[in-house]
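Participant: Sharing a structure, written as structure tokens. Questions coming.
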Amino acid sequence: MTAIMQTLRIVLRIGTGLSFLVLIGAVTVQVVGRSFIGSSPVWTEELTRFALLYLAGFGTGLALFTGDLVNVDLVSEAMPGRWPWVLRLASAVAVLAFCLPLIGPAWRFTKIGAIQTSPAMGLPMNYVHGSALLLLVMLAVAAVLRIVGMLAGATDGKPEHLVGESE
């Protein structure tokens, strides 16, 4: 279980990093083009939007692991006994319950994109629409891993802290 979670974290971090790198590159081309040349390539606008979508797609599952998603743990963690654990489990179940019914429509949305292309880049839109599917699947997988880990006793469901953060 720990190996699967570590592998998923690595994949999500790499995907988030690459998406951010593409975003930085596209914005840099835009700024340099507009500042020194007078105009920037039209494809940079699209690429920036697409990179932001994939940044959210990879980053949301990672944020569930690290605790960077919005948590209302001020109340839940102050509760007595086993209640904080139960509420963390219920939260993971709720995330999964919201993701699962949306995966089918996101898949259809992605398939529709195969017959469309982006105006500036000529990229098939299923690659772009796939970011919504990616977001839902990664969030669902992260929720499942949290639920299974909590029920198996491998984790207490508390958000993890990134390297260098103090507890």
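What follows is calculated from the coordinates using simple rules that are stated; it is not laboratory data. Here the structure is a predicted model, which is why all the values come from computation and not from measurement. Every residue, glycine as well, gets a Cβ built from its backbone with ideal geometry; the counts of neighbours run over all protein chains shown.
Participant: Name the residue that is farthest from the chain's Cα centre (by Cα), counting only residues in region 16-42 that are surrounded by 18 or more Cβ atoms within 10 Å (Cβ to Cβ) and of a type in the set (A, V, I, L, M, F, W, C).
Facilitator: Ranking the qualifying residues of region 16-42, first place goes to 26.
Participant: Here's something else I'd like to know. Would you mind finding the one in 137, 93, 141 that is in a helix (DSSP H, G or I), surrounded by fewer than 17 Cβ atoms within 10 Å (Cβ to Cβ) and in contact (Cβ under 8 Å) with a residue 24 or more places away in the chain?
Facilitator: 93
Participant: In region 115-134, what count of residues is obtained for those that are surrounded by 18 or more Cβ atoms within 10 Å (Cβ to Cβ) and not hydrophobic (A, V, I, L, M, F, W, C)?
Facilitator: Summing the residues that are surrounded by 18 or more Cβ atoms within 10 Å (Cβ to Cβ) and not hydrophobic (A, V, I, L, M, F, W, C) in region 115-134 gives 3.
Participant: Does residue 62 satisfy the criteria of being surrounded by 14 or more Cβ atoms within 10 Å (Cβ to Cβ), over 26 Å from residue 118 (Cα atoms) and either of a type in the set (A, V, I, L, M, F, W, C) or in contact (Cβ under 8 Å) with a residue 60 or more places away in the chain (or both)?
Facilitator: yes
Participant: Which of the residues belonging to region 68-82 are part of a helix (DSSP H, G or I) and surrounded by 14 or more Cβ atoms within 10 Å (Cβ to Cβ)?
Facilitator: Matches in region 68-82: 73, 76.
Participant: Take the residues of region 114-132 that are touching a residue at least 40 places away in the same chain (Cβ under 8 Å), assigned to a helix (DSSP H, G or I) and among the aliphatic types (A, V, I, L, M): which is farthest from residue 69 (Cα to Cα)?
Facilitator: 128
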